[in-house]
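The values are calculated or read from the model by the stated rules, or taken from the named source; none is laboratory data. Not measured: the values here are computed from a predicted model. Cβ placement follows ideal geometry from the backbone for every residue including glycine, while neighbour counts extend to all protein chains displayed. For the accessible areas, the whole protein counts, side chains as well, though only heavy atoms, and no ligand, DNA or RNA atoms are used. Shrake-Rupley method; radii C 1.70, N 1.55, O 1.52, S 1.80 Å.
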Amino acid sequence: CGEDLENTSHLLFGCYYAYSVWLSICAWFGVSTVLHNSCHENFTHFIGFPRCSGRDRMRWFVVWLATIWSRWLARNNVIFKDKVVVITDLVE
């Protein structure tokens, strides 16, 4: 985004683009929540939603990992291939 020093927390959780991706993921599941900017806190919060059973926790874990991976690939496409990645496309 160019608004702050790029570090892991900013790249995956803190910048406007990343935060919007996480909000879209939560909205897709009908969850309204506050998101954390650190990797560990975000992960712990994301898989610990109160309504989650053990099986649902595993599903949330997979969604969390897929989102992290998709965000990383999108970042690389922007940096190395000059692509524009739309948030809705990344969420899909």
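Go through the stretch 39-73 and give me each residue that's hydroxyl-bearing (Ser, Thr, Tyr) and closer than 21 Å to Leu90 by Cβ.
Within the stretch 39-73, Thr67, Ser70 qualify.
What are the pairs with Cβ atoms under 6 angstrom where one residue, in the stretch 30-49, is hydroxyl-bearing (Ser, Thr, Tyr) and the other, located anywhere, is assigned to a helix (DSSP H, G or I) and open to solvent by less than 70 Å² (accessible area, probe 1.4 Å)? Sequence gap at least six, or different chains.
Thr33/Cys26; Ser38/Ser9
What residue, among those in the stretch 45-60 that are open to solvent by 70 Å² or more (accessible area, probe 1.4 Å) and part of a helix (DSSP H, G or I), is farthest from Tyr17 (Cα to Cα)?
Only one residue tops the list, namely Arg55.
Let me spell it out: the conditions are (1) open to solvent by less than 50 Å² (accessible area, probe 1.4 Å); (2) touching a residue at least 12 places away in the same chain (Cβ under 8 Å); (3) of a type in the set (Val, Ile, Thr), and Thr88 meets all of them except one. Which number is the exception?
Condition (1) is where Thr88 drops out.
Taking the residues in the stretch 2-31 that are outside any helix (DSSP H, G or I) and closer than 21 Å to Glu92 by Cβ as candidates, determine which candidate is least open to solvent (accessible area, probe 1.4 Å).
Filtering first and then ranking leaves Cys15.
Kindly indicate the residue of the stretch 25-46 that is within 13 Å of the chain's Cα centre (by Cα) and among the aromatic types (Phe, Trp, Tyr) and also modelled with the lowest pLDDT among those meeting that condition.
So the residue we want is Phe46.
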